[in-house]
Structures are given as structure tokens and as C-alpha cells.
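The values are calculated or read from the model by the stated rules, or taken from the named source; none is laboratory data. Treat the numbers as computed from the prediction; the structure is a model and nothing was measured. Using ideal geometry, Cβ is built from the backbone for each residue, glycine included, and neighbour counts are taken over all protein chains shown. Protein only, heavy atoms only, side chains kept; ligands, DNA and RNA dropped before computing areas. Shrake-Rupley method; radii C 1.70, N 1.55, O 1.52, S 1.80 Å.
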Amino acid sequence: MSENGQTAETDTEPRDSTHAHLAGEVIGRHQHGYHQLLYVSAGVLAVQTGEASWVASSARAMWIPAGTWHQHRVHGHSSVHTLGFPLHDVLLDSGTPVVVAVDALVRELIIACSEPSLPLPEANRLRAVLRDRLRRALIEPLTLPVPGNPLLRQACALVADDLQHPRTAVWLAKRIGVSERTLARLFRTELGMTYPQWRTNVRVFHAMVLLAEGANVSETGRRCGWATTSAFIDTFNRTMGQTPGAYRTESGA
């Protein structure tokens, strides 16, 4: 391990695997010398790079380009499937991590492809279908960018650390000592979204984690700052394309 916490060696040979993790486990900061498709058939993985955070779950797989430093935190008892792709085999045309929607067919293809004893001819046929399906998959937008500006990092931390209490832009601007206009500009220029949009994303992000850990829908909505359970269900459904109850069931909670 190097002084900055990065793994000294990097895997270079693409590998496929299926493995289980317990809730709370952390897979430390590392990188691969090949592209990786990461999928969680049960539970949730919060994946973080130096630039942003994502959630990989039963409804969403994550493409991690080669050489991307990242770490995982497990929420809920998780079954994790990883597929490795050589540098020349770019499954998704993105130089940064992306999350793609997983339908029933893609789910079964990923699980089948990650079986370590799968004969090579069968693996190649399954991967060919998986490539076709994933290249048409909907790319999911829920990402939490990491702000570079120290004032904006402070503002985001104030909100994320206390989601139960709604924080207005006026309150937040006063707390970090800037005008409301300056705060709005920081969110637009640094994160590419408004403060309300970012707060909705961070609340849904944390709701996904809580649901995977076993919290019920009403409790999750309350802990993430929604005034009513129905408001939480509506926002979650519009953001994720499914109700929090359905997401909780798919996550294996």
C-alpha cells in the first residue's frame, strides 16, 4: 500500500468473479489494468472515485474504465459479480465510470458470465449478447459529483450530514459565509445542477443505501428529510423509475 492509500500493484489480467460481502465491508482504494463491469444482484455497493460517488445495485450495473482509482462500501448483505474486459474491448464508450440500467435479461447474462467455471465458448457467446444489450442500455444519471471548491464541499457536507432537516439555500449560504447568488453559481459551475437538484439526488442516494440495509420505506423517507411517505415515494419513483418498496425488495433487504 502506498502512502496515499492507493494499492501499490494493479491487476492487469481481466478476471470474472462472483463473491459475497457482509454489510459494512469496505473494499479499499484500488484500480485495474482492464475495464470492469460491476453488478450487485443483492444489496448495494456505494462506489467512490476522487470525482464522484455512484450506487451499484440490482437495477444498475457500473462500468469502470481501466486505470480508474475507486473504492467500494457494502450496504446490506451483497452478492457482487464482476466482469473484466481487455483494454481494446470497450463495452461502453466512456472515459469515466457510468451506471447503466439492468433489465431481467442483462441481469441473468451478467450472473451467468461471472461463473468462474463457465466454458470459454459458452462465455464468448453470452458476452456477445451482453455487449449488444448493454450498448443499448439506458445510462442512469444519478451521480454525486465531489466538489472541488472548499466552500462548496463544506456546504454539501452540512446538508448530507443532516438530511432530516430541510436546509434552504438562504440558510446554507449564511452558514458558509457567501451570498445566495454565489452559492447558486457554485452549484451550477462545480456540479452542473441547482442546489435543489443536488439535494434531491443526495437524498435519493442515501435512501437507496438505507433501503438496502433494511430500513422500511416510511423510516427511510423520514431519515432523508421527506415530510410525508407519499412525497418520498413519488420523488424516488420519478428519480429511479421504481418505488422504494420495489427497490428494497430487489436489493435483498
Just check the range 109-232 against the gyration tensor rule for me: Cα atoms, a ≥ b ≥ c as the square roots of the eigenvalues, rounded for a/c under 1.5, and otherwise prolate or oblate depending on whether a/b exceeds b/c. prolate
Can you send over the carbon and sulfur percentage of the accessible area for the range 18-130, probe radius 1.4 Å, protein chains only? 59 percent
How much length is gained if the chain between GLU180 and SER117 is pulled fully straight, taking 0.36 nm per residue apart and subtracting their Cα-Cα distance, in nm to one decimal? 16.9 nm
Once R0 is set to 51 Å, what does the formula 1/(1 + (r/R0)^6) return for the Cβ-Cβ distance between ARG167 and ASP132, expressed as a FRET efficiency to the nearest 0.05? 0.70
When the Cα centres of the range 46-124 and the range 131-184 are compared, how far apart do they sit, in Å? 25 Å
Using a cut-off of 14 Å between beta-carbons, work out the net charge of the residues near PHE232 (Lys and Arg +1, Asp and Glu -1, PHE232 not included). +4
What share of all Cα pairs of the chain, in percent, falls into each consecutive 5 Å distance bin? 1, 6, 13, 16, 18, 16, 13, 9, 5, 2, 1, 0, 0
When the chain is treated as a GNM, springs tying every alpha-carbon pair under 10 Å, which of GLY221, GLY67, GLY148 comes out with the largest mean-square fluctuation? GLY148
Checking the a/c ratio against 1.5 first, then a/b against b/c, what shape does the Cα gyration tensor give for the range 1-119? rounded
Taking a ≥ b ≥ c as the square roots of the Cα gyration tensor eigenvalues, with a/c under 1.5 meaning rounded and otherwise prolate when a/b beats b/c or oblate if not, the range 178-253 comes out prolate
Between ALA104 and ARG188, what FRET efficiency comes out of the Förster formula 1/(1 + (r/R0)^6) with R0 = 35 Å and r the beta carbon distance, rounded to 0.05? 0.35
At 0.36 nm per residue, and after removing the present C-alpha to C-alpha distance, how many nm does the segment from SER230 to ASN124 gain when stretched out fully? 33.6 nm
Could you tell me how many degrees, from 0 to 90 and to the nearest 10, lie between the Cα long axis of helix 104-113 and the main elongation axis, the longest principal axis, of the Cα atoms of the chain? 50 degrees
May I ask for the angle, rounded to the nearest 10°, between helix 229-240 and the longest principal axis of the chain, with both axes built from Cα atoms and the value confined to 0 to 90°? 50 degrees
